[in-house]
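The values are calculated or read from the model by the stated rules, or taken from the named source; none is laboratory data. Bear in mind the structure is a predicted one, so any value in this text is a computation, not a measurement. Counting neighbours? That spans all protein chains shown, and the Cβs are built from the backbone with ideal geometry, glycine included.
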Amino acid sequence: MATTTISFVRRSCFLLSLCIVIICSLKEGYAFEESRESNAAESYLTHTFEVSSLFASSVCSHSTKANERESTFKIIDKYGPCFEPNRSRALPPPSLTEILRSDRARMNSFHARLSNKNSSRRDMIELNAASIPVIDGSTFRTSNFLVKVGFGTPIKELSLVLDTGSDLTWTQCQPCETCYKQTEPLFDSTKSSTYATIPKTDAVCKYVTRPGTVPPSAASLCYYGIKYGDGSLSTGFFSKETLTLSTDKITGFLFGCGTNQKGDFDLEAGIMGLSQEKASIVTQTAKKYSKIFSYCLPSSASSTGHLSFGSQSLPSKIIYTKLVNKKSHYGLDLIGIGLGGTKLNIPESVFTTPGTIIDSGTVFTYLPPLAYPTFRDAFRAAMTAYPLAPTRPGDDLDTCYDLSKATTVKVPEISLFFKDGKVVGFPGKSSLVTYTKTQVCLGFAPYEKGDDETIIGNQMHRTMEVVYDVARQRIGFSPKGCT
């Protein structure tokens, strides 16, 4: 991203009758201003920033937050300059249509799991402190994020997709029957002194689903199968290995050694499962990290964020709200949405009846059909200074702007209201999806009829430290977690 000087001006900010806490996530290196503007009889907190700051640069800007922490993993975008292997391969970012298609497939699989359809075989079968840098990457040709961890002895570093909606951590392994092309060499278990297979009679084999057909070599061994909502799949040996998280070694870590992968995977070596299920890395490291992890997703493809395990490196100021049980997913008690601390007139039941999920693998934020038009119209009313741009037929994103004649843009803050009285404000910049200066879109859409949950996608998480305290069943938010 382009680098300029920060300018933060608080012109006027008032307390509402409720105890409203406003979190402002400021992007270091941008001219940035916070103010309240009257618009259609409402007073909204707005963020002003340079239009040029919406676009990634060709140079990687590493987050200093990650460097300040012990045992930090970087989070990286695999389509940006921070993913070093990309230097040898020019890879275009996914299109808006590809992202929407992937989001839709992911939401369909969530819906199937949560509604107990095919309960015997789910549509998505997830067949101290340590911290890792996180990279903005894209599995299934979308905008997801990568972290690099170590497998085996000696250590082989592999880039995995950070996924709070997946149970199992897996990577492609040699010898591979069917594998997609990844950046790093495939993991070779025969060259690791700490690798071990698991008999199918072992109790932990129940953590994964065994596919209907297994190769003869796996007849007596634990064999897993995962099928994702978009048809992508991974099958292989459920095994044990030493996992290295920065300087910490996790011995006997259960993971999938995948020998057959099909679908729209690209560049990444596999998936890091961060759900609440028994096979997830969160549960497996519970004694060491107390079921606490946090991440800060980078502001763009040319920046890095971080992933941390444990509580020692958490920010000092965090707003926590209750975690709601959504099986392996992370649910929130959302009761409303608004702009700049002002709650929109939408019945709470519109959100509470279906429920809400926060997910690192879904890109955009999807609202109930009864809530989206009110939110969209309020956002448009606050953005009348900028001309609307046409959208492509069939795309879910229906609110785009032409910013080609603007040097700065003023965007209302997005406020989420929770049942326990907590209010969290996300910077207006996080609500925008940029393609060109003539097409900058609101990254929200209505979910289709038949879907049940509001989903807060990863575009909204950017630069916010999101804390998952699974042991205490709460999720926290802290501003300025990374740049």
Exercise. Restricting attention to the stretch 421-458, and to residues there that are more than 21 Å from T407 (Cα to Cα) and basic (K, R), which single residue is surrounded by the most Cβ atoms within 10 Å (Cβ to Cβ)?
Worked result: K422
Seminar exercise, completed: Residues in the stretch 285-337 that are part of a strand (DSSP E or B), more than 11 Å from Y468 (Cα to Cα) and among the β-branched types (V, I, T) total 5
Seminar exercise, completed: Note on the stretch 420-447: residues at pLDDT 95 or above, charged (D, E, K, R) and over 23 Å from the mean Cα position of the chain (by Cα) are D420
Exercise. Within the stretch 238-266, which residues are modelled with pLDDT under 95 and among the small types (G, A, S)?
Worked result: S246, G263
Problem set entry | Any pair with Cβ under 8 angstrom, 6 or more apart, that starts in the stretch 459-483 at a residue that is polar (S, T, N, Q) and ends at one that is part of a helix (DSSP H, G or I) | Q459/S430; Q459/S431; T463/S430; T483/T64; T483/K65
